Amino acid sequence: DIYNFLGTLFLRGLQMLVVPLVVTAMISAMGRIGEDKSFGRLGLKTGAYYIGTGFLAIVTGLVVMNLVHPGNVPKETSAQLIALAQGDVKQIQTAVAGHSASDMATIFLRMVPANIFDSLSRNGEMLSLIFFSLIFGFFSTKLPQPMRGNFAEFWRAAYETIMLITDWVVKFAPIGVFGLIAKTVATTGLQTFGPLFGFFLCVVGALLIHACITLPIVLRVFGISPIRHMKAMTPALLTAFSTASSNASLPVTMECLEKTTRVSERVRGFFLPVGANINTDGTALYECAAAIFITQVYGIHITPYVQFLVVFLALLTSIGVAGVPAASLVAIVIILNAIGLPLEAIGLVMAVDRILDMCRTAVNVYGDSCGATIIAKSEGETLAY
């Protein structure tokens with residue numbers, strides 16, 4: 001139908017830009033970072049932000065789930081939900097086939113591409129593409145002059161060209177976003193919520209707390225206006241919500257930070273491609289909330305130690321499995337295996353997963369934008385607000 005056509009056309013336009021944007025942005029940024037010897041400092045700040053905000057997001061989800069207890073339903077309703085979950089087992093098994101806790105042990109192997117040209121054609125291999133771009137850009141600073149200058153100018157020109165194309169594609173954002181949202185509402189509907197409405201409200205509430213209270217406080221600590229930043233990032237947040245993809249939203253996020261916030265190419269080119277793949281506050285929060293909800297429906301009381309384990313695994317898996325297909329499902333499987341619950345338990349949350357995926361992706365992208373702005377400020381850059 002027309003909604004599907006408009007939404008898919010816009011999404012394909014964004015996806016077309018992701019790989020060239022990541023490659024050109026990271027190589028160009030790494031060239032600048034390598035020249036001023038600030039890679040170590042920038043990397044430490046980036047890692048500290050990822051871990052800090054991810055932990056706050058997960059704890060927010062944990063507290064909300066423990067206060068509201070949306071999974072504490074009558075036995076009849078619980079049995080009905082568990083029976084309903086059984087129907088999604090084949091779908092879940094297909095989505096997570098070949099993935100388990102061993103993904104955490106092989107994360108570094110997945111980061112190093114055996115064939116970089118093969119990685120260029122695979123959307124799920126963004127981490128290996130980022131790793132190659134990092135080292136390629138860094139070692140380009142070791143070239144002798146004038147070769148180094150010519151090399152840097154080429155990649156900077158390539159990046160600016162991609163940004164011009166991005167600017168053109170983003171002009172069609174209102175039509176594309178409308179098509180994507182209309183398609184989701186038409187195919188999902190509201191009848192899927194039913195007994196999961198309590199869980200849905202808890203996750204959305206926790207995501208709002210993190211996006212509207214926690215992250216604004218962090219911004220304010222660094223002297224950045226949360227309201228002006230939210231307004232500046234509105235196009236990126238709408239794109240993230242409608243596409244449910246941090247990578248597909250990356251071109252728009254880059255555009256917003258460049259044109260409205262004035263974050264330098266050096267910071268946004270390094271932080272955003274990495275953040276889009278491993279800085280996933282909303283996803284980490286959702287993983288924790290889903291695991292706690294499932295234990296409540298099954299009538300299992302988990303000790304503070306097990307809850308700490310859930311928090312730790314949610315933080316770890318939100319980074320470690322972000323580059324694989326159905327990443328959130330894989331992460332929840334790992335958590336459920338750790339606390340002794342069956343695979344089919346994921347079916348309890350599948351009915352509302354699509355809508356929540358849209359919500360948590362918007363939070364992921366907002367967290368990335370906040371991080372890039374904060375790091376730019378800490379590096380002494382003059383921002384637009």
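Rule-based calculations on the coordinates, nothing more; no lab input. Everything numeric here is computed off the predicted structure, so don't read it as measured data. No Cβ is skipped: glycine too gets one built from the backbone with ideal geometry, and neighbour counts run over all protein chains shown.
What to note about this one:
- Sorting the segments 366-377, 270-281, 233-244 by their mean number of nearby beta carbons within 10 angstrom, highest to lowest, gives 270-281, 366-377, 233-244.
- Looking at segment 280-318, the chymotrypsin sites (Phe, Trp or Tyr not before Pro) that sit in a DSSP loop and have at most 15 other Cβ atoms within 10 Å of their own Cβ are TYR298.
- Take the Cβ atoms of ARG220 and ASN150, set R0 to 30 Å, and the FRET efficiency comes out at 0.10.
- Cβ crowding within 10 Å averaged over residues, with 51-60, 140-149 ranked highest first: 51-60, 140-149
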